[in-house]
1. Tell me, which helices (runs of 4 or more DSSP H) lie completely within region 196-248 with 3 or more residues that are over 20 Å from Glu33 (Cβ atoms)?
2. Which condition number does Ile184 fail, the rest of (1) under 18 Å from the mean Cα position of the chain (by Cα); (2) modelled with pLDDT under 95; (3) more than 30 Å from Ala155 (Cα to Cα) being met?
3. Against the condition among the hydrophobic types (A, V, I, L, M, F, W, C), in contact with a Phe, Trp or Tyr (Cβ under 8 Å, 6 or more places away or on another chain) and at pLDDT 95 or above, how does Leu72 come out, does it pass?
4. Any residue at all in region 9-19 that's surrounded by fewer than 18 Cβ atoms within 10 Å (Cβ to Cβ), assigned to a loop (DSSP other than H, G, I, E, B) and out of contact with any helix residue (DSSP H, G or I) (no Cβ under 9 Å at 6 or more places or on another chain)?
5. Identify the residue in region 155-176 that is of a type in the set (A, V, I, L, M) and part of a loop (DSSP other than H, G, I, E, B) and, among all such residues, is modelled with the highest pLDDT.
6. Quick check on my filter: what residues within region 48-78 are outside any loop (DSSP other than H, G, I, E, B) and either of a type in the set (Gly, Ala, Ser) or under 16 Å from Thr12 (Cβ atoms) (or both)?
7. For Phe39, only one of the following conditions fails: (1) touching a residue at least 12 places away in the same chain (Cβ under 8 Å); (2) surrounded by fewer than 20 Cβ atoms within 10 Å (Cβ to Cβ); (3) within 20 Å of Thr205 (Cβ to Cβ). What is its number?
8. Which number in (1) touching a residue at least 12 places away in the same chain (Cβ under 8 Å); (2) under 24 Å from the mean Cα position of the chain (by Cα); (3) in the same structural domain as Ala167 (by TED's automatic domain parsing) marks the one condition that Leu72 misses?
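The values are calculated or read from the model by the stated rules, or taken from the named source; none is laboratory data. Please read these numbers as outputs of a predicted model, since none were measured by experiment. Here the Cβ is made from the backbone with ideal geometry for all residues, glycine too, and neighbour counts use every protein chain on show.
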Amino acid sequence: MSKLTLSIKPNTAPKELSGWYMFNTWLQKILGETVHLQFYDDFDRQREAMRNGDIDVIYTGPFDASLLVRDLGFKALVKPVGQNDEASLVCSAESSIQSFDDLKPGIRIDTIDDPTLEMIATMLVEAADIDHQNSQWAHSSSQVISARQVISGKADLAILFERDYNALSGIVKDQLRNVLTSQISVIHPVLAVAPSLADKADMLTEAMCKMKQSPADATIVDAMAIEEFAPIQQEEIEFMIDLMDTLK
């Protein structure tokens, strides 16, 4: 059997990795081929692997959709239901920042190394005349650590994915204030396959969208912290790519 490579977002939460290992095994059974789950240290190394043809199946954020679909010929198959990528700007509950109008150049911003999140955040704070040149930006290894940075006073503003902010424990959220959350609504992660798997795209899409119907497969999806998969229409992915290219 030939060997295929599956890759996922470099900043995937550790608690979700077991689900992706199970998905990798499921994918091997569906495709009838050996699949290796490959991790990359950051998005730059992952993009290099994409361009080198080292990835056959990928689950990644919308930032790289244009590269995948338009430049490399990947086909976007499915999206996670209910996981639009929105950014929440949060500060300490004890901060003097009460609203977006209080944001000024020179503030200390902490976030994770995720191109989609940082792109949305850059767009949001631009309205407050804040950019990477007139403010201090730092990257933490996780969104929980970013939240702790503002709670401890080491940063003035943390930028988190809205879904991850909502998932924080009550104890942590009580120490934070949500200053602003984006409302883009139409950008989300995608799972896509390389041109070499185009003939299996429909079969794989159907199988993934039916995973919640099987108790065993539903366990896999739950472990990946995904409600379920839904198919992506061509016009939908094209619209998302156009929007992302506009925002970049």
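1. On the way: elements: 201-209, 215-223, 234-247.
Ranges flagged: 215-223, 234-247.
2. Of the numbered conditions (1) under 18 Å from the mean Cα position of the chain (by Cα); (2) modelled with pLDDT under 95; (3) more than 30 Å from Ala155 (Cα to Cα), the odd one out for Ile184 is (3).
3. Working: among the hydrophobic types (A, V, I, L, M, F, W, C): yes; in contact with a Phe, Trp or Tyr (Cβ under 8 Å, 6 or more places away or on another chain): no; at pLDDT 95 or above: yes.
Judged against the criteria, Leu72 is not a match.
4. no
5. Taking region 155-176 as the starting set, the residues that turn out to be of a type in the set (A, V, I, L, M) are 155, 157-160, 167-168, 171-172, 176.
Cutting the leftovers down to part of a loop (DSSP other than H, G, I, E, B) gives us 155, 167-168.
Details: Ala155: 97, Ala167: 90, Leu168: 92.
Here the residue is Ala155.
6. Keep residues of region 48-78 that are outside any loop (DSSP other than H, G, I, E, B), which gives 48-51, 57-60, 62-71, 75-78.
If the condition is that a residue be outside any loop (DSSP other than H, G, I, E, B) and either of a type in the set (Gly, Ala, Ser) or under 16 Å from Thr12 (Cβ atoms) (or both), then Ala49, Val57, Ile58, Tyr59, Thr60, Pro62, Phe63, Asp64, Ala65, Ser66, Ala76 are the ones that fit.
7. Only one criterion in (1) touching a residue at least 12 places away in the same chain (Cβ under 8 Å); (2) surrounded by fewer than 20 Cβ atoms within 10 Å (Cβ to Cβ); (3) within 20 Å of Thr205 (Cβ to Cβ) is unmet by Phe39, namely (3).
8. (3)
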